[in-house]
Structures are given as C-alpha cells and as structure tokens.
1. Of the residues in region 396-411, how many are assigned to a helix (DSSP H, G or I) and out of contact with any Gly (no Cβ under 9 Å at 6 or more places or on another chain)?
2. If a residue must be in contact (Cβ under 8 Å) with a residue 12 or more places away in the chain, of a type in the set (Val, Ile, Thr) and part of a helix (DSSP H, G or I), how many such residues does region 231-273 contain?
3. For the condition at positive phi and either of a type in the set (A, V, I, L, M, F, W, C) or open to solvent by less than 30 Å² (accessible area, probe 1.4 Å) (or both), what is the one hit in Gly417, Gly423, Gly446?
4. If I filter region 104-117 for residues that are on the phi > 0 side of the Ramachandran plot, at pLDDT below 95, out of contact with any Leu (no Cβ under 9 Å at 6 or more places or on another chain) and buried (at least 16 other Cβ atoms within 10 Å of the Cβ), do I get at least one hit?
5. Can you find a residue in region 194-211 that is on the phi < 0 side of the Ramachandran plot, open to solvent by 30 Å² or more (accessible area, probe 1.4 Å), part of a loop (DSSP other than H, G, I, E, B) and touching a strand residue (DSSP E or B) at 6+ places or on another chain (Cβ under 8 Å)?
6. With the structure loaded, tell me whether Phe162 is modelled with pLDDT of 95 or more, aromatic (Phe, Trp, Tyr), crowded, with 19+ Cβ neighbours inside 10 Å and under 29 Å from the mean Cα position of the chain (by Cα) or whether it fails that test.
7. Open to solvent by 40 Å² or more (accessible area, probe 1.4 Å) and farther than 18 Å from Ile75 by Cβ - does that describe any residue in region 328-348?
8. If I filter region 168-187 for residues that are exposed (fewer than 13 other Cβ atoms within 10 Å of the Cβ), touching a residue at least 24 places away in the same chain (Cβ under 8 Å) and over 26 Å from Asn101 (Cβ atoms), do I get at least one hit?
Amino acid sequence: MGRKPDLAKPHFGPGSASPKTARRAQPSPVFLGTALFLLGFVSLFTGHIVTDADWSRIRSRWRSNQVRNSEPIDIWKSRYSSLYYGCSGRSPKLRSALPENSSTGYLLIATSGGLNQQRVGITDAVVVAWILNATLVVPELDHRSFWKDDSEFSDIFDTDWFISYLSKDVTVVKRIPYEVMISMDKLPWTMRAPRKSMPEFYIDEVLPILMRRRALQLTKFDYRLTNELDEELQKLRCRVNFHALRFKKSIQTLGKKLVRRLRVMSSRYVAIHLRFEPDMLAFSGCYYGGGEKERKELAEIRKRWDTLPDLSAEDERTRGKCPLTPHEIGLMLRALGFGNETYLYVASGEIYGGEETLRPLRELFPNFYTKEMLAGDDLKPFLPFSSRLAAVDFIVCDESDVFVTNNNGNMAKVLAGRRRYMGHKRTIRPNTKKLNALFQTRNQTGWDTFSQKVKKVQRGLMGEPDDPRHGRDDFHEMPSSCICQRVPVNRSATIQTRNLLAQAR
C-alpha cells in the first residue's frame, strides 16, 4: 500500500525534481598517501605493525564520512549520537578550593542581560574565582536591563545545590560575613573587565586590588572571559553550566509538568525558540514588509541602544542576519520532512504582529502550543518575572526531541551546547543566508524541488556530532573539551593507532 498523501503539504507551483543519485566518493591519493605515511611513522616508534585491517579501517572511515554527507538524515535523532557523551569530571590534578579564610578575598559579580546571558556570566565567574583563588559570593542578577526583572539568584536557581556542587572547585558563600564587612576600611572596589579577557588579565590587574581591598566587584559580567582556556578550566565551565546551575524546585516542577502534558498528546515534539519579539527585530535592523508603520515602530525601539550603527535591511537579510519569520520557520520544517501532525512548542515572548504573524505557522502545524496554553493558571505566579518565564521555556526546549533556533542569541547558544553535552539531541540552526535566497524564489519552483534544496542547505546545521564546527569560537555553544567519543571495546589497535584513526575521520 502506498503512503497516504499529506493533504496539508505546502504547494508552491507546478513541477518538481527528483533527487540525483549520489556517486560513491573515492579517497584521494594525497589523503591515502598521507594516512599511510603517518601509520608507518606510528609503526616505527611504537612497534605496532600496521595491518591490512588498520588500513582497511582508515579507508572505510573516510568513505563512511563521505557517505554520511549524502545519506538521508533522520530528522528526529542522529544515528551517531550514541557514540558521544558529556565528560566534565574533575581531574585530581586540578587545584582544590581554598577555605574561605585562606582565600585571596571575596569576589562579587554583577551579571548583565537576560537569563541566559547571565547564565554565561555566572559560569565564567566561577572560573575567574578559581583563577584568583578567591571566595565567590553568589552572583547578583541584573535588575536594570530591558527585561526589568527583580528576581534574585535564589528565585531562579537552587543556591544550596550550587554551593555544594562546586565545593571542591571554588568556595561559594551567600554573602560576605558581617564581621568581615565591618572590619573593612572601604567598600568593595568596583571595576569592569574587558570582554573575553585572558586569565593573565585577572592575575595581573584584578588580583592585586582584590588582595589589597579584601573584596572586589566585577560589573556587567557577561562574556568577560576568553574561550581559550586550559582544558581542565573548560571542564569546570561545563560542571557549572550543565550541573551546578540547577533551577529551583518550583520552576523545575512547572517546566516538567508542561513536558508531561506534551508527551501525553505525542511521544515526541519540536521546540522552537521563535525570537520574533519587537526588540529583537528592532535590534537586527531588518524589515519584514509591514510598511511605514513597521519602520516607525521598530526605529523607535531601536533608539534604546545608543551604539547601534545604521544598517541596510536588505543587506542584513542578504547576509543572513535577519531572523526568519514564523511562516518561514514553518516552511523550513515542512521541507525538512516534519509533517503537519507534528507537535510544536513555541518558546517566545510577545510576537511582533501578534496572532496575524503566527497564523501561517499555525496553519502548517495545527498542533501548536506555548507555555501559556499548556500551563493555564499555573503560570500566574511567574508572569511578572521574565527570567522565570524564560527558565520554564528553557526546560521545555531542553527536553524536546528537536530544538530549532531562530537567531544566534544567548538561549540558542547555551541550549545548543547543553544538548550536545547531554547526548547530541537534534538541534537545528537555520542557514538563514541560503534559505533567504530560496524563499525569494519559492513561488517559481515546485514543492519537491524546494524541499530538496532546503535539505541540502541545512546539511551541517542539523546538530550532528560531526557537523562543521559552527559556533567553534564560542565554547558555550560548542563545549568540545567536555564531549568524549566512545571507543568500541573490541578494537585491537594500540592507543597511538586509535588516535590516528580518529584523526583520519
């Protein structure tokens, strides 16, 4: 029996193209010659004889990598995810936390931005405290930014768990002891570190002041530490971000309740971080066809940022810097193979244009849900607090089978990195630059041709373990130091040869 046609499949016009049969790739002589030379080198220094089996393994791995680039993608789960796992265990060689009374002083941190930007700041603050041999005071959250949320650290995260989990790495206290405060001659020194500062900056510029004043506060602490750290400090970042920063019980309870309600309706679901709020669109400098009304409204919002340059909306879209519209996100998902029966969870704030903007996405995916729809009255205590609402969205997106980002913001980066660490759960990042070109000509081609092209441009951005290292400059998005590959137990090659084989992939 043939497959039942999808009556709700989008239609762009007549004509379609059948996919071409991919030719089997052959290894280049340069690649094979180099690999053979290196294997010979290993044999010379280790005494291990490179067998025909080793050579065959290299060729088969190279070929499998080429085949993987042309084989159909399982849109729900990577078939290779089980080969990788998160590994951020503490090395016994790493210096242990100093007791509070033996540390160099108290480090206070004032974070900046929304929930996930602050999460990055908190993660890096722990590493800076370790670098300085300082006692970290539980970080202060941002109450003054655009979101105007007066939540404290303990309103969002489990403070006692945070302190306990990190006790071997860094001593963390809830506040500077009263007797220490009254004994201080002056208030804590306040300073701001440059973005992506190296450890040497903190040792040379911050440590002397901290030891002299006994307490020091670093302000607007977000992305103030370099991505280029020693592997053990990168693993400390992972222990903070993926383990120590646990949401408080009330937030976890609501987030998991929404996940259960989705799972009752469907065994799997897609979560989308839509990011189509007015502030996002204004910040991007993009234009979405709303005429003079849209231009005036977004221009007014844009005045909130003094340092933003004048941008050409057309150039920004051509460069792939504009978030996709909800309709475009829906078309991309349908083209990738998600049917109209797929359940969607949409994480978002106020959508620019409201229900009219969302209508095309709802038509493509009728099983459309938000936290407001799933939670009902359970959400009322959270409504005045944007960071707590964002935390609920974070949990539901993290638990999804597929997560779709729509910008390169902090939530997208943090969740992409977390999902890699937790088992390479499918994470889709739209190739906005190439998709924009396809959307511009979508009415001139048939649906099957359009779908084939979307699948092609999305290769490498589907959250596969061996995707090109998109986000390689941001450790929070690509925590490579904390991801290990499983080694088959029946492999007989020596450790040196095993490493070479891994490099040959």
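The values are calculated or read from the model by the stated rules, or taken from the named source; none is laboratory data. Predicted model only: the values in this text are computed from it and were never measured. No Cβ is skipped: glycine too gets one built from the backbone with ideal geometry, and neighbour counts run over all protein chains shown. To get the accessible areas, we keep the full protein, side chains included, count just its heavy atoms, and leave off ligands, DNA and RNA. Shrake-Rupley method; radii C 1.70, N 1.55, O 1.52, S 1.80 Å.
1. 1
2. 3
3. On the way: Gly417 fails: at positive phi; Gly446 fails: at positive phi.
When all the criteria are applied, what remains is Gly423.
4. Within region 104-117, the first condition is being on the phi > 0 side of the Ramachandran plot, and the residues that meet it are 105, 113.
Subset that is at pLDDT below 95: 113.
Then keep just the ones that are out of contact with any Leu (no Cβ under 9 Å at 6 or more places or on another chain); that gives 113.
Filter once more, keeping what is buried (at least 16 other Cβ atoms within 10 Å of the Cβ): 113.
Yes, that holds for at least one residue.
5. no
6. Working: modelled with pLDDT of 95 or more: yes; aromatic (Phe, Trp, Tyr): yes; crowded, with 19+ Cβ neighbours inside 10 Å: yes; under 29 Å from the mean Cα position of the chain (by Cα): yes.
Yes, satisfied.
7. no
8. There is no residue in region 168-187 that is exposed (fewer than 13 other Cβ atoms within 10 Å of the Cβ), touching a residue at least 24 places away in the same chain (Cβ under 8 Å) and over 26 Å from Asn101 (Cβ atoms).
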